[in-house]
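Please treat every number below as a calculation from the coordinates, not as lab data. All figures in this text were calculated on a predicted structure; none of them were measured in a lab. FYI the Cβ positions are ideal-geometry reconstructions off the backbone, even for glycines, and counts take in every protein chain you see.
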Protein chains: 2
Amino acid sequence: MPPKTKTPEQRSALQQLILDAARELFVARGIEAVSMREIAKRVGYSPTTLYLYFQDKQHLLQTLCDHDFLTLAHELRALEQEDNPLAQIKALCQSYSRYAQLYPNQYRLMFMTPKFNISKDTTTLRHGNPEQDAYAYLLAMVESAHQQQVFRPEAGDSNLIAQTLWAGIHGVCSLQIIFAEDDWLDWQAYEARVHLMQQTLLAGLLKPA
Amino acid sequence: MPPKTKTPEQRSALQQLILDAARELFVARGIEAVSMREIAKRVGYSPTTLYLYFQDKQHLLQTLCDHDFLTLAHELRALEQEDNPLAQIKALCQSYSRYAQLYPNQYRLMFMTPKFNISKDTTTLRHGNPEQDAYAYLLAMVESAHQQQVFRPEAGDSNLIAQTLWAGIHGVCSLQIIFAEDDWLDWQAYEARVHLMQQTLLAGLLKPA
DNA sequence: ACTTTTTACTTTACATCGTTAAGTTAACGG
DNA sequence: CCGTTAACTTAACGATGTAAAGTAAAAAGT
């Protein structure tokens, strides 16, 4: 008993339903627990129907991932806009690490899972736009700080600095996600590690006082 | 045509053969490409035979992983022993990042893949022993530097410092592995990012000159 | 008004995966 | 010579992603 023809709104509504079901599954039990069949069961359709709305599993996950990139960018921009760019960078580190702790599965999908697909076909809107691209936002902050010549000259250009800041915080976050349960090394508190990393990065990049 | 009884040496020889076949597969094509059936085909046995030598796939991978932890620890210790502990730390960063670049699949398995098993049953030998545990080695270096009071007092104890150093370099390495192909941000050269990270971490942790 | 095409979906099916149960066959212990 | 055991295989189960082939109702064409 297939129903009548669908309006574009109805089509994208079902697409969103599928995405919601997929997210619900993988935030709860991790990426590897998501199966097309189980998503289908949740939305009440047969498994093959999903392939009318997404090319394959990889593209479905990529769509989820793209959406989370936007969410993260928005969350990071929701900070109180401190006037000082350095204070902004500190707040950014704080928010970023909080996001990783709150949504470890999303974080894993976004930043710790290899992607085997192309970049052209999906949303290319966000790249470089600070509204939609968290890295572009960070880069803008670094550049605005750079103009005030606060960084050591040997640190290099804004891109290199931004990438180093990102890598530093990402290192703390990703190790936390992988090794939080492990007890073979006595982990300091997550917040303490984030804080020291942020302090260290800035102290190491800025000109000595 | 099953052969005669096996000596313990022959048993562990076959176990090693299985491990070698598994490694060959996953260094070449990544962890997700490794299947028990294909490993079995490589060693010339039926798939079920592998289960006589390993509890399941997870344990087989864990054994590979354990071996790589040892290898890494050995490679890091193979550095020329600089007398200066700070020079040692620099060399350690260099070797560590080189390892990640040379063996990205091993690195992913070791440091970027969640483990769903217990820690008790596998080799618990290495933990804390600088000969076998790369983190313990790093920690020893940091402690030896700490005794010379080179670190800023606000940096905290040796464990926190070691974890921050590790996280910083790991951040650069893991982002490289995941996003090396991506072009939506213009990556600086890997070596440049490693170098700036190392410089930044030390400059931020050490007392100002 | 009747036929044809298209849309939305399902059923069936295939290949592959990890893993278990049930053989099979050769060597060994009695 | 017979029974047990060690080493391994074949067959099979349930799950996975996904393609091919239906099915039925609405839309389009005449």
Next item on the list: Straight distance only, please: which aspartates and glutamates reach the Cα of residue B:115 with their own Cα at less than 19 Å, same-chain residues fewer than 8 apart left out?
Entry: A:32, A:181, A:182, A:183, A:186, B:32, B:56, B:66, B:68, B:133
Checklist line | Once exposed loop GluC sites (Glu not before Pro) are cut out (DSSP; at most 14 other Cβ, 10 Å), longest piece of chain A | finding: A:1-79
Next item on the list: For chain A, with a Gaussian network of springs between Cα atoms less than 10 Å apart, report the residue from A:20, A:183, A:66 with the top mean-square fluctuation.
Entry: A:183
Next item on the list: Kindly identify the stretch A:1-80 as rounded, prolate or oblate by the Cα gyration tensor criterion: order the square roots of the eigenvalues as a ≥ b ≥ c, call it rounded if a/c is under 1.5, otherwise compare a/b with b/c, prolate if a/b is larger, else oblate.
Entry: oblate
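Per DSSP H run of at least 4 residues, take -39500 (n - 2.57); add these up for chain B, divide by its residues and hand me the 222 nm value, nearest 500 deg cm²/dmol. Write out the running numbers ahead of the final one.
Values: 9 runs with 133 residues, N = 209.
Per the formula, -21000 deg cm²/dmol.
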Margin query: Taking each residue in B:9-15, count the Cβ atoms of any other chain within 10 Å of its Cβ, then average. What number comes out?
Written below: 0
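With only alpha-carbon pairs counted, each pair once and no self-pairs, how large is the Kirkwood hydrodynamic radius of the protein assembly as shown in angstroms? Numbers along the way, then the final one.
Numbers: mean 1/r = 0.0424 Å⁻¹.
Taking the inverse mean of 1/r over all distinct Cα pairs, the protein assembly as shown comes out at 23.6 Å.
When a footprinting reagent is the concern and you count Cβ atoms within 10 Å, what order do A:158, B:97 take, fewest first? Before the final figure, lay out the partial values.
Values: A:158 19, B:97 23.
So the ranking, lowest neighbour count to highest, is A:158, B:97.
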Next item on the list: Quickly work out the residue B:12-to-residue A:55 label distance, labels modelled 7 Å from Cα along the C-beta direction, and quote it in nm with one decimal.
Entry: 5.0 nm
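Of all trypsin sites (Lys or Arg not before Pro) in the stretch B:1-83, which ones are in loop regions per DSSP and have a Cβ with at most 11 other Cβ atoms within 10 Å? Write out the running numbers ahead of the final one.
Numbers: sites: B:4, B:6, B:11, B:23, B:29, B:37, B:41, B:42, B:57, B:77; in loops: B:4, B:6.
In loop regions of the stretch B:1-83 (DSSP not H, G, I, E or B), the sparsely surrounded trypsin sites (Lys or Arg not before Pro) are B:4, B:6.
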Next item on the list: Could you work out the per residue convex hull volume over the alpha carbons of chain B, in cubic angstrom?
Entry: 151 Å³
Notebook entry, point to check: So how do B:72, A:206 line up by other beta-carbon neighbours within 10 Å, fewest first?
Noted result: A:206, B:72
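What's the local net charge at residue A:38, with K and R +1, D and E -1, over the other residues with C-beta under 13 Å away? Please list the in-between numbers first.
On the way: positive: A:23, A:29, A:37, A:41, A:42, A:57; negative: A:24, A:32.
Once all neighbours under 13 Å are counted, the net charge is +4.
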Next item on the list: Compute the longest continuous run of chain B that contains no exposed chymotrypsin sites (Phe, Trp or Tyr not before Pro); treat a site as exposed when its DSSP state is not H, G, I, E or B and it has at most 14 other Cβ atoms within 10 Å.
Entry: B:1-115
Next item on the list: State, to one decimal in nm and shortest first, how far the label point of residue A:65 sits from each corresponding label point in the other identical copies (label point: 7 angstrom along Cα-to-Cβ).
Entry: 2.1
Notebook entry, point to check: Can you give me the Cα centroid spacing of the stretch A:169-209 and the stretch A:57-75 in angstrom?
Noted result: 26 Å
Next item on the list: Among A:21, A:87, A:44, flag the residue with its Cα farthest along the positive direction of the charge dipole of chain A, charges on Cβ as +1 for Lys/Arg and -1 for Asp/Glu.
Entry: A:44
